[in-house]
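Take a look at the structure set out below.
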Amino acid sequence: MTYLLALDQGTSSSRSIVFDERGHIVAQAQQELPQIYPQPGWVEHDPLEIWRTQLATARYALAQAGIAANALRAVGITNQRETTVLWNRKTGQPVHHAIVWQDRRAEPACAQLREQGHAGTIQAKTGLLIDAYFSGTKLQWLLDHVPGAREAAERGELAFGTVDSWLMWQLTHGQRHVTDVSNASRTMLFNVHTNQWDDDLLALLRIPKSLMPEVLPSSAHFCDINPDLLGHGIRVGGVAGDQQSALFGQACFTAGMAKNTYGTGCFMLMHTGGAFQTSQNGLLTTSAAQVSASPEFAMEGSVFVGGAVVQWLRDGLRAITNSSEVESLAQSVPDSGGVMMVPAFTGLGAPYWKPDSRGTITGLTRGTTIAHIARAALESIAYQSAALLQAMSRDAVAAGGAPVSELRVDGGACVNDLLMQFQADLLGIPVVRPAVIETTALGAAYLAGLSSGVYASTAELSQLWRADRRFVPTLGNARAQELMANWERAVRQTTAE
């Protein structure tokens, strides 16, 4: 039997999963990652803790599988994107905590870039909107605020990386400083047309090029893990940022195929093939996981509050004591009774981009119960995702493509049948849940398997992908449009002056 190991380094935990060559889970291990909040709007991680927890779970997963490391054909890495690590090349020690993707401290620098008129150039080169979300301005902040960092960087003594680069540096005892195109494309410093670091953008943010890692396709021979870590020198053969890895794990390899990950937020990506499209509907363009040197792209949109609305029902309203209870509570009523909830706790993301919006619940009557509110909360996840997919389809059609014809789903909340059926009803297309919902880790394993000869092609991976359940629309188109119109009216009320 051939095995692949996926290292899945996420925001809240580090996980490792052993897959067999059919893509079935053999063993897995997980450790929580402590969150550090120095002040409001700031989020950090300890890079050494990221490394410690990731290595521990890799060792434990191999032990659980009952195999030695030499039974692995290759290792794949997938990671929380945009999180920024800066370390000393000689000592391997971080010069500061990692600045997490959610962190907003670089917003003043972003505002300055917008005021100076750089938005158009940055979007044309990187596909991104100027935002503190991306790594470039986080790195700039570290160079400007950590004593001695800029001088050390100018002398070539420091290295920058997203979490994948940091892990590979550690896995090779500092022998390899490398990343993949999908992670590089989230820095706001990478030209996605040429797959090169952009000298003009580096100069604009005053970032020395010597800091930057080598960039490879997502399926490639990145490095060999030092034998003293897992007991054998295995190759790392695949790397991709978590959302692009999930797109790959869902076997969305061709233009027009889309996936939505239902986590704390929701992340929707649609493959656009080799075509770079600038969205007219508030979406990002990003590099998809690539198996060759040829650029491939995806449109991306994110919903800030997805599954987090269920946590709010539990912790804020105390309507439920456990998140798993929400489905039965919502199902105890036939519909939301006209109640609409817009969970704009931290503003609205794509396609609205209204940071000043705040959450609302509308349509309350004397007959409204907590069950109606729970149902409206659950449905809000589907409404936000539907608005996102409709924006994507408009972009696809405008570029001469076809609208999305089915949506593949993953993430924790995709196990909720009520939510998935309502999603299909709103969209008017099938919503398909795969047999393996750990698609982020699976994507990394597939990328590693491709570069190490376990799989011959993406066509072979398409054959391996299996559906668990297809949710087919049961609602008439007119009724679905009416519901979406009600949703858009509720959204307008969140930003009414």
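The values are calculated or read from the model by the stated rules, or taken from the named source; none is laboratory data. Just so it is clear, the model here is predicted, and its values are computed rather than measured. Neighbour counts are summed over all protein chains in view; Cβ atoms, including those assigned to glycine, are modelled from backbone coordinates with ideal geometry. For the accessible areas, the whole protein counts, side chains as well, though only heavy atoms, and no ligand, DNA or RNA atoms are used. Shrake-Rupley method; radii C 1.70, N 1.55, O 1.52, S 1.80 Å.
Screening the range 23-78 for residues that are open to solvent by less than 70 Å² (accessible area, probe 1.4 Å), at pLDDT below 95 and of a type in the set (S, T, N, Q) and picking the one that is farthest from A240 (Cα to Cα) gives Q35. Evaluate the following for R104: is it open to solvent by less than 10 Å² (accessible area, probe 1.4 Å), closer than 19 Å to Y133 by Cβ, part of a loop (DSSP other than H, G, I, E, B) and among the charged types (D, E, K, R)? The answer is no for R104.
Considering each of G241, G231 in turn, give the residue that is farther than 22 Å from M420 by Cβ and buried (at least 24 other Cβ atoms within 10 Å of the Cβ). Sole residue among the options that is farther than 22 Å from M420 by Cβ and buried (at least 24 other Cβ atoms within 10 Å of the Cβ): G241. Residue pairs whose Cβ atoms lie under 6 Å apart, sitting 6 or more positions apart in sequence or on different chains, and linking a residue in the range 477-495 that is β-branched (V, I, T) to a partner that is in a loop (DSSP other than H, G, I, E, B) and surrounded by 15 or more Cβ atoms within 10 Å (Cβ to Cβ), are T494/A344; T494/S357; T495/S357. Are there any helices (runs of 4 or more DSSP H) wholly within the range 153-216 with 2 or more residues that are open to solvent by 30 Å² or more (accessible area, probe 1.4 Å) and β-branched (V, I, T), and if so which? By residue number, no helices (runs of 4 or more DSSP H) qualify. When M484 is tested against (1) of a type outside the set (K, R); (2) under 29 Å from R81 (Cα atoms); (3) outside any loop (DSSP other than H, G, I, E, B); (4) at pLDDT 90 or above, only condition (2) is not met.
Within the range 90-101, one or more residues are in a loop (DSSP other than H, G, I, E, B), within 24 Å of I207 (Cβ to Cβ), at pLDDT below 95 and open to solvent by less than 30 Å² (accessible area, probe 1.4 Å).
Restricting attention to the range 449-464, the residues that are under 30 Å from F422 (Cα atoms) and open to solvent by 40 Å² or more (accessible area, probe 1.4 Å) add up to 2.
If you go through the range 110-148 and keep only what is without any contact (Cβ under 8 Å) to a residue 60 or more places away in the chain and small (G, A, S), you end up with A111, G117, A119, G120, A132, S135, G148. If you filter the range 294-328 down to residues that are loosely packed, with under 14 Cβ neighbours inside 10 Å and small (G, A, S), you find that the one that is farthest from the chain's Cα centre (by Cα) is S328. Looking only at residues in the range 111-132 that are surrounded by 13 or more Cβ atoms within 10 Å (Cβ to Cβ) and not in a helix (DSSP H, G or I), the one that is modelled with the highest pLDDT is H118. Annotation note: of R433, R469, the sole residue that is basic (K, R), over 28 Å from V339 (Cα atoms) and either at pLDDT 90 or above or crowded, with 16+ Cβ neighbours inside 10 Å (or both) is R469. For the range 405-430, the set of residues classified as small (G, A, S), within 16 Å of the chain's Cα centre (by Cα) and surrounded by 17 or more Cβ atoms within 10 Å (Cβ to Cβ) consists of G411, A413, listed by residue number. When A396, A344, A402, A386 are checked against the criterion of being within 30 Å of Q280 (Cα to Cα), surrounded by fewer than 15 Cβ atoms within 10 Å (Cβ to Cβ) and among the aliphatic types (A, V, I, L, M), a single residue qualifies: A402.
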